Amino acid sequence: MRKYSRRQFVKLAAAGGISAASWMLFNDSILDADAQESDLNGSDFTESSAFADTSNSNQILVAWFSCTGTTEQIARWITGKTDADSYEIVPEDPYTEEDLAYYTGGRADREQEDASVRPAISGSVENIGQYDVIFLGYPIWHGQAPRIISTFLESYDFSDVTIIPFCTSHSSGIGSSAENLHDLCSDIVTWMEGRRFSGDATENDVVEWIDSLELSESEVQTVGEFNFETKTVLLNSGYEMPIMGLGTYSLTDEECAVSIAALLEAGGRLIDTAYMYGNEAAVGQAVRDSDVPREEIFVITKLYPNQFANAAKAIDTALEKMGLDYIDMILLHHPGNNDVEAYLALEQAVADGKVHSIGLSNWYVEELEEFLPQVNITPALVQNEIHPYYQENDVIPYIQSLGIVVQGWYPLGGRGYTAELLGDESISAIAEAHGVSSAQVILRWNLQKGVVVIPGSSDPDHIRENLDLFGFELTEEEMEQINALDRNEKHDWY
């Protein structure tokens, strides 16, 4: 499935979720060590008190360095016009008037003569990955940007970001000062033409320039928020996952292959298996035999507690069984001895590129509160038993508040309870009102609660029906009617 870049984690902090450290551990194989270290150094955010906090949902940042206040004023006007966040680049060792005296051999002169100089910056930008556009401001020193701008650009990963430079100078134009910064960033940074402002520039000058840029907001999916158009959810690992699919528990190898073929033919792309299901090889074979591109299919498997003591080997075994180059997600099946150590092995598998996303199954509030402080990467998913008779209405919001997606197994009751649940009078009445099946009502109820569904079936007709969930919508009253069916009745021991 599609992988999102760092900048696309809009509202992540507001969602309660993913620390900078977790993000970096997810992307060890992508970001160089220097960028990781710089992005994690310190948590202070230095900004003028007049500027907005970076925890809002804006996707524009104005980053600026100023010694005399001229660049700062331009930055304020840009911030006001674009409703952007703002970050002042503050040197650890502030510049004095003597440092700034031109052609005296002072500090600024010496730094500009040496392209390798990198003055240290006090503080850092948190959650810089949320920004699509960065206005970068600086005064012109000896025809170039001050070396502290080089420090800033080398401190973060700006892949897929658009950078718009602006500078202040009484005489020199922006000239090559901006072009000489390009090599300090990734090749996939977009640089727009910059603008010089003189000391007597007005706010109107700035507004006219910004209007001429014709900036538009990009559509960015929020972590954990279901997109009913694409039928996906963005995980905190940066990958999209389908919000409905097929559970393969109890399917034999042949049944499994046929069922997956039916799923993929009907447009489904999410497959859930596990070591204990004994059908990982069949799942891998079905994926490899399909005409659907591998990157469009999302495969989940799980490590059982008897594998926790040697989880690294178990991960390799799963890859070998499936015959896949990578596994989209691996979960720990349920808590057990050595579960923390097993999860740390999953973290290493992410760093090694063997696994894209990791998570947990059958972890609840108490278990999560004990477990999460012991690991580095926030789980992308928690998979628990969820159906109208066992709703977890206290657990689901807690998990989602952590920036973790919730997935429900046994969505139709499971283990001998399916017929009773599908025949429930309240659910049947709602199904009749919409002209759909009771199963579709239950699955849609889950989706509207933000719960991914993986109903199991070997019947191609039922598999197609279980994917057909977007031609109707439950009303608030109907959602409440189903919510009222909760019995706190768990149908399995996990």
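The values are calculated or read from the model by the stated rules, or taken from the named source; none is laboratory data. Everything numeric in this text was worked out from a predicted model, so none of it was measured. Cβ atoms come from the backbone with ideal geometry, glycine included; neighbour counts cover every protein chain shown. Areas reflect the complete protein model, heavy atoms only, side chains present, ligands, DNA and RNA absent. Shrake-Rupley method; radii C 1.70, N 1.55, O 1.52, S 1.80 Å.
List of remarks:
- Scanning the stretch 358-387 for residues that are β-branched (Val, Ile, Thr) and either open to solvent by 10 Å² or more (accessible area, probe 1.4 Å) or within 26 Å of ASN338 (Cβ to Cβ) (or both) returns ILE358, VAL365, VAL375, ILE377, THR378, VAL382.
- Of the helices (runs of 4 or more DSSP H) contained entirely in the stretch 199-305, those carrying at least 3 residues that are closer than 22 Å to GLY414 by Cα and at pLDDT 95 or above fall at 253-265.
- Flag for ILE430 being farther than 20 Å from ASN384 by Cα, crowded, with 20+ Cβ neighbours inside 10 Å and hydrophobic (A, V, I, L, M, F, W, C): yes
- Evaluation of ARG110 against the conditions (1) over 17 Å from THR71 (Cα atoms); (2) at pLDDT below 90 shows that the sole unmet condition is (2).
- Test: residue in the stretch 365-374 that is under 18 Å from LYS449 (Cβ atoms) and either in a strand (DSSP E or B) or at pLDDT below 95 (or both): no
- Being among the aromatic types (Phe, Trp, Tyr), open to solvent by 20 Å² or more (accessible area, probe 1.4 Å), modelled with pLDDT of 95 or more and closer than 28 Å to ALA282 by Cα holds for only one residue in TYR390, TYR326, TYR343, and it is TYR326.
- Failed condition for ALA281, given (1) touching a helix residue (DSSP H, G or I) at 6+ places or on another chain (Cβ under 6 Å); (2) among the small types (Gly, Ala, Ser); (3) open to solvent by less than 10 Å² (accessible area, probe 1.4 Å): (3)
- Residues of the stretch 452-494 classified as surrounded by fewer than 16 Cβ atoms within 10 Å (Cβ to Cβ), modelled with pLDDT of 95 or more and among the basic types (Lys, Arg), total: 1
- Residues that are buried (at least 19 other Cβ atoms within 10 Å of the Cβ) and modelled with pLDDT under 90 occur at least once in the stretch 48-58.
- Residue in the stretch 101-130 that is farthest from ASP157 (Cα to Cα), counting only those that are of a type in the set (A, V, I, L, M) and surrounded by 13 or more Cβ atoms within 10 Å (Cβ to Cβ): ALA101
- Options LEU251, LEU264, LEU319, LEU246; residue that is within 21 Å of LEU346 (Cβ to Cβ) and buried (at least 17 other Cβ atoms within 10 Å of the Cβ): LEU319
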